[in-house]
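**Student:** So that we are looking at the same thing, I have put the structure below in structure tokens.
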Amino acid sequence: MRLTPTVIKCKAAVAWEAGKPLVIEEIEVAPPQANEVRVRILYTSLCHTDVYFWESKGQTLMFPRIYGHEAGGIVESVGEGVTCLQEGDHVLPIFTGECGECSHCKSEESNMCELLRINSDRGVMLSDGKSRFSKDGQPIYHFLGTSTFSEYTVIHFGCLAKINLAAPLDKVCVISCGLSAGLGATLNVAKPKKGQSVAVFGLGAVGLAAAEGARISGASRIIGVDMNASCFEQAKKFGCTEFVNPKDHEKPVQEMTDGGVDRALECTGSVRAMISAFECVHDGWGVAVLVGVPNKDDEFRTHPFKVLSERTLKGTFFGNYKPRTDIPGVVVHEQGAGSGEIYHSFRPFLRDQQGIRFNARREVSPMHFLLGCLEHYLEYRIDGITIRLWVLSERTLKGTFFGNYKPRTDIPGVVEQYMNKELEVEKFITHSVPFSEINKAFDLMLEGKSLRCIFSLDA
């Protein structure tokens, strides 16, 4: 007979104020409620997202709080209604979820769960709007639904990926965020073909994971782009074949390639880098993928988060028809349908003082369309500089969220890639410190010396 879970006392690294060192405290962790799981965290790592929200520069202030979202642990107990997990299962907490019931979860083309998608402003559990953490009766906020800087945490079952019991948690814990975001952006979204060229903007952990994906895909050239030249040597371990510092060139990638690269991945969150990534891909077939998370006030004409929600902006020139090959077939099709003149429908851009907006839909003739599309572009202004994006030259701009992986469905398979020696994760782990010295990890990341620092909570 299973015993009813009770309150557990354990150690946790608590952030009491923005930007101030975390404090190791003894806290109380309440039992899991409906659809929740209490997990014993054995290993967790520091991600730049933790640092970003800990600094709270422009974000909603929410303290005290327990950060952490990259981790590996063991199920300690489950709440009512949880049937997919049981005590003893090994799991990776994920900052976004998969309820399995919403339209996004049922679609093969999305991982943007309506119920459990990332929400940095929610510091409580969904079931009752309360925290499961407290100290001396004072509630402590959750972070991204995971809060893994605690020996025990409570997580919605939809945010836990059940993995192979044989997988070493001190290694695969890094798969639960940054590694998968970069790897999946390449393998699932950019999808470079063997022999193609790839540019990666930003050589932090996510960018290096994107480069690793390009290496696995068989890319012939992997160009690393970063303003920190000290990271170039390390990037060679992840498949980068060439390196460039954009401060030394006006259009570095274009200068190195014949018309641009086949694929580009932006992994910094900088709008300038996003624009550079889009402009450096080859016209006709180039694909640029935005991976990095921008500041909340940035605009890429349409807000970057709209693109990062896996919408796709595609450019086209003359309907992507090859004139001699395809147009005769269009004529035959139109004659067979008894139609007259062929018309293309598109929305021309109108300029105003705030940039570009779409006009009402109207019909234009093929010649009008052909000539018009040569004149239209997306215009973006940043720091007084006007940048034009030629989206009608058959380039593709794609957004990605968590590498397009569904947490519960796909992440166990990424772990199996590691177990089958198809994926290397050890090279992402550059440091390890005791949990009691967690603040050293923050220093290492802020100094740019660490990719991933692992803490062991298995005392």
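**Student:** Can you spot a residue in the range 54-69 that is touching a residue at least 12 places away in the same chain (Cβ under 8 Å) and closer than 18 Å to residue 407 by Cα?
**Tutor:** Checked against the condition, which is being touching a residue at least 12 places away in the same chain (Cβ under 8 Å) and closer than 18 Å to residue 407 by Cα, the range 54-69 yields at least one hit.
Residue-wise test of (1) crowded, with 17+ Cβ neighbours inside 10 Å; (2) touching a Phe, Trp or Tyr at 6+ places or on another chain (Cβ under 9 Å); (3) at pLDDT 90 or above.
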| residue | (1), (2), (3) |
| --- | --- |
| 202 | yes, no, yes |
| 221 | yes, no, yes |
| 232 | no, yes, yes |
| 251 | no, no, no |
| 268 | yes, yes, yes |
| 285 | no, no, no |
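**Student:** Does residue 432 fit the bill of being out of contact with any helix residue (DSSP H, G or I) (no Cβ under 6 Å at 6 or more places or on another chain) and without any contact (Cβ under 8 Å) to a residue 60 or more places away in the chain?
**Tutor:** Judged against the criteria, residue 432 is a match.
**Student:** Still on this structure, please answer the following. So the check is Cβ under 9 Å with 6+ separation or different chains; which pairs have a first residue in the range 96-112 that's more than 12 Å from residue 405 (Cβ to Cβ) and a second one that's surrounded by fewer than 12 Cβ atoms within 10 Å (Cβ to Cβ) and at pLDDT 95 or above?
**Tutor:** From residues that are more than 12 Å from residue 405 (Cβ to Cβ), the pairs are 100/106.
**Student:** Out of all the residues in the range 246-256, which are in contact with a helix residue (DSSP H, G or I) (Cβ under 8 Å, 6 or more places away or on another chain) and assigned to a loop (DSSP other than H, G, I, E, B)?
**Tutor:** Within the range 246-256, 249, 251 qualify.
**Student:** So in the range 411-425, with the set limited to residues that are touching a residue at least 24 places away in the same chain (Cβ under 8 Å) and assigned to a helix (DSSP H, G or I), which one is farthest from the chain's Cα centre (by Cα)?
**Tutor:** If we filter the range 411-425 for residues that are touching a residue at least 24 places away in the same chain (Cβ under 8 Å), which is where we start, we get 411-412, 414-416, 418-419, 422-425.
Keeping just the survivors that are assigned to a helix (DSSP H, G or I) gives 411-412, 414-416, 418-419.
Numbers: 411: 14, 412: 17, 414: 15, 415: 18, 416: 20, 418: 20, 419: 23 Å.
If we take residues in the range 411-425 being touching a residue at least 24 places away in the same chain (Cβ under 8 Å) and assigned to a helix (DSSP H, G or I), then 419 is farthest from the chain's Cα centre (by Cα).
**Student:** Any idea which of (1) at pLDDT 95 or above; (2) part of a loop (DSSP other than H, G, I, E, B); (3) assigned by TED's automatic domain parsing to the domain that holds residue 62; (4) not polar (S, T, N, Q) is the one residue 193 doesn't satisfy?
**Tutor:** Answer for residue 193: the failing condition is (3).
**Student:** Look through the range 102-133, keep the residues that are within 23 Å of residue 411 (Cα to Cα) and of a type in the set (Lys, Arg), and return whichever of them is farthest from the chain's Cα centre (by Cα).
**Tutor:** Taking the candidates together, the pick is 106.
**Student:** Would you mind listing the strands (runs of 3 or more DSSP E) fully within the range 56-137 where at least 1 residues are touching a strand residue (DSSP E or B) at 6+ places or on another chain (Cβ under 8 Å), closer than 30 Å to residue 17 by Cβ and among the small types (Gly, Ala, Ser)?
**Tutor:** Filter on the range 56-137 gives 70-78, 133-135.
**Student:** Those residues that are part of a helix (DSSP H, G or I) and among the basic types (Lys, Arg), I need them from the range 257-285; list them, please.
**Tutor:** 272
**Student:** Would you confirm, using the coordinates I've provided, whether residue 80 is touching an Asp or Glu at 6+ places or on another chain (Cβ under 9 Å), among the acidic types (Asp, Glu), under 18 Å from residue 142 (Cβ atoms) and in the same structural domain as residue 438 (by TED's automatic domain parsing)?
**Tutor:** Details: touching an Asp or Glu at 6+ places or on another chain (Cβ under 9 Å): yes; among the acidic types (Asp, Glu): yes; under 18 Å from residue 142 (Cβ atoms): no; in the same structural domain as residue 438 (by TED's automatic domain parsing): yes.
For residue 80, the condition - touching an Asp or Glu at 6+ places or on another chain (Cβ under 9 Å), among the acidic types (Asp, Glu), under 18 Å from residue 142 (Cβ atoms) and in the same structural domain as residue 438 (by TED's automatic domain parsing) - is not met.
**Student:** Just to check your reading of the model, which residue among 213, 178 is crowded, with 17+ Cβ neighbours inside 10 Å and modelled with pLDDT under 95?
**Tutor:** The unique qualifying residue is 178.
**Student:** Can you tell me how many residues in the range 198-245 are assigned to a loop (DSSP other than H, G, I, E, B) and touching a Cys at 6+ places or on another chain (Cβ under 9 Å)?
**Tutor:** Count: 3.
**Student:** Among the residues of the range 155-162, are any of a type in the set (A, V, I, L, M, F, W, C), in the same structural domain as residue 76 (by TED's automatic domain parsing), under 15 Å from residue 131 (Cβ atoms) and part of a loop (DSSP other than H, G, I, E, B)?
**Tutor:** No - not one qualifying residue is present in the range 155-162.
**Student:** Let me ask something else about it. Considering only the range 163-190, state which residues are part of a helix (DSSP H, G or I) and more than 17 Å from residue 205 (Cβ to Cβ).
**Tutor:** 169, 188, 189, 190
**Student:** Can you tell me how many residues in the range 37-54 are crowded, with 24+ Cβ neighbours inside 10 Å and of a type in the set (D, E, K, R)?
**Tutor:** Count: 1.
**Student:** Condition first: of a type in the set (Val, Ile, Thr) and at pLDDT below 50. Can you find one or more residues in the range 393-416 that meet it?
**Tutor:** No: the range 393-416 contains no residue that is of a type in the set (Val, Ile, Thr) and at pLDDT below 50.
The values are calculated or read from the model by the stated rules, or taken from the named source; none is laboratory data. Predicted, not measured: the structure shown is a model, and the values here were computed from it. Virtual Cβ from ideal backbone geometry, glycine too; neighbours counted across all protein chains shown.
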